[in-house]
Amino acid sequence: MTLTVAAAPAVATAREGTPSRRRGHRWPLLPLLATVLLVSVPPDGAVIAGSVAGVPAADLVSGAAVLLCAGLLLFLRRRPLSPAAAVVLGLPAVGLALATVTAGDPVAALPGFVRYLQIFVLVPAAVLLLVRDAQGFRAVAGALVVLAAVQGATGVHQYVTGSGASYMGEDIRAVGTFGPGDVMGMATVVGFGLVVAAAWALRPPAGTPRRLKPWAAVTAALLVVPLALSFSRGAWIATAAAALAVIALTGLRQAVRALAVLAAVGVVLVGGFGVGSEMISQRLTSITEVTSAPDRSVNDRYAMWAAATDMWREHPTAGVGLKGFPAHRDGHASIGLSAGSDTAGAGQEFRRQPLLSPHNMYLLVLGEQGLVGFTALVGSWAALLAGGVRRLVLARARGAAAVDCGLAAVGLMTWQAVDFLYADIGGPSTVLTGIVLGLAAWWALAEPERTAVA
């Protein structure tokens, strides 16, 4: 009898760790993986049916992930979000609702409410609930690397063959499958993949083959090429900040070695091979040339930033309403603002693309949602970043096996937080913002037992 009683817990534990049970935790990840990979599908259906009623395939599948999550909560009685997670992820909904009902045209603001709710509340919550352990996190993060590799290779081919988007009179700008209308799309995807690859190169996941570390390092180095050829200043700055954050959080000794390798790679790629060195140098210089010889796009961006700030001054509490920036832009912008930007190349004829946002997420939120929405949304992001850093420091101190997940999560969240200084949501790649916020939420807010399992 004693042997039987003592063996029962061991049998139960063994059953929990069986391969079939582990596989049972994996199938809910399928819609998340599909969401990431389907971002590559052109939304106009040029390759396959990429959209339904104008909605990109990736967004449709992200909705399926949310529905699946709701079904698991209802029918399998999985535990819902913890109180802390519910507050952090649910807080933005308060500002969104207020900005919608107080808008001059609430009906026109409703699509914006749905989109913001999808990206900043529902998809992150679904990721937090569907990713059950570190292996699930790595699967979704690995999909980001695969997506980055595909888009990066496409972008390099566009530069080499002169089939990219138009830049300085030449069709050389690497935009991947996103086209000239979403020049930030490929840069965003490549930035995410580079950050994850860098995290794995510095701290490979526990139990993986030893060759993963050099392969991850090579992947991160190669992704620098399409990132540079995107000529996206905001993505360069965000990737540099995220990489430095990841390197700094691995420890002083490893950080020094990593910075030395990073400097060597930069010299080889730009100095040795001359990968777009002259144009890249001009693009970097244009960031600070605002008063003496400003780049046209930089001048327009600063004008739109001023317009968004002015909107907030007139409507400090709830802003002008979601989707209200275009309607109020001309009444607040200076006469120096151009009517739009020129886009062409990558299979598209010349088009004049109107400037419908300030290209700064923080100022867009401030202008459209006011101080209430800004505090709720930015406060949520700050909580995810601070919570992720705190848990990463504790995990490193304990020698936890899932430190690689923490490095990737903090790096991705840092990338997004910095990039929002130069960009806002829009385009097919936007759904990845929800995935990234969900991964950051999983690391910062999930139960300790879920983040501790390798």
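Would you say GLN118 is among the polar types (S, T, N, Q) and closer than 23 Å to GLY411 by Cα? Yes: the conditions hold for GLN118.
For region 75-97, filtered to residues that are more than 24 Å from the chain's Cα centre (by Cα) and either open to solvent by less than 80 Å² (accessible area, probe 1.4 Å) or acidic (Asp, Glu) (or both), the residue that is farthest from GLY373 (Cα to Cα) is ARG78.
Scanning region 216-242 for residues that are surrounded by fewer than 24 Cβ atoms within 10 Å (Cβ to Cβ) and more than 18 Å from the chain's Cα centre (by Cα) yields a count of 7. Among the conditions (1) modelled with pLDDT under 60; (2) farther than 30 Å from ARG203 by Cβ; (3) in a helix (DSSP H, G or I), SER297 misses just one, which is (1).
The criterion of being more than 12 Å from ILE119 (Cβ to Cβ), surrounded by fewer than 24 Cβ atoms within 10 Å (Cβ to Cβ) and of a type in the set (A, V, I, L, M, F, W, C) holds for ALA446. The residues in region 414-443 that are among the acidic types (Asp, Glu), open to solvent by 20 Å² or more (accessible area, probe 1.4 Å) and part of a helix (DSSP H, G or I) can be counted, and the count is 0. The residue list VAL121, VAL150, VAL131 contains one member that is under 30 Å from LEU212 (Cα atoms) and at pLDDT 95 or above, which is VAL150. Evaluating PHE350 against the criteria (1) over 14 Å from the mean Cα position of the chain (by Cα); (2) of a type outside the set (Gly, Ala, Ser); (3) modelled with pLDDT of 95 or more leaves one unmet condition, (3). Residue-level check: of (1) open to solvent by less than 10 Å² (accessible area, probe 1.4 Å); (2) over 26 Å from PHE325 (Cβ atoms); (3) not charged (D, E, K, R), VAL365 misses just (2).
The values are calculated or read from the model by the stated rules, or taken from the named source; none is laboratory data. Just so it is clear, the model here is predicted, and its values are computed rather than measured. Methodologically, a virtual Cβ is constructed for each residue, glycine included, from the backbone with ideal geometry; neighbour enumeration extends over all protein chains shown. Ligands, DNA and RNA are stripped out before the accessible areas are found, and what is left, the full protein with its side chains, is counted by its heavy atoms. Shrake-Rupley method; radii C 1.70, N 1.55, O 1.52, S 1.80 Å.
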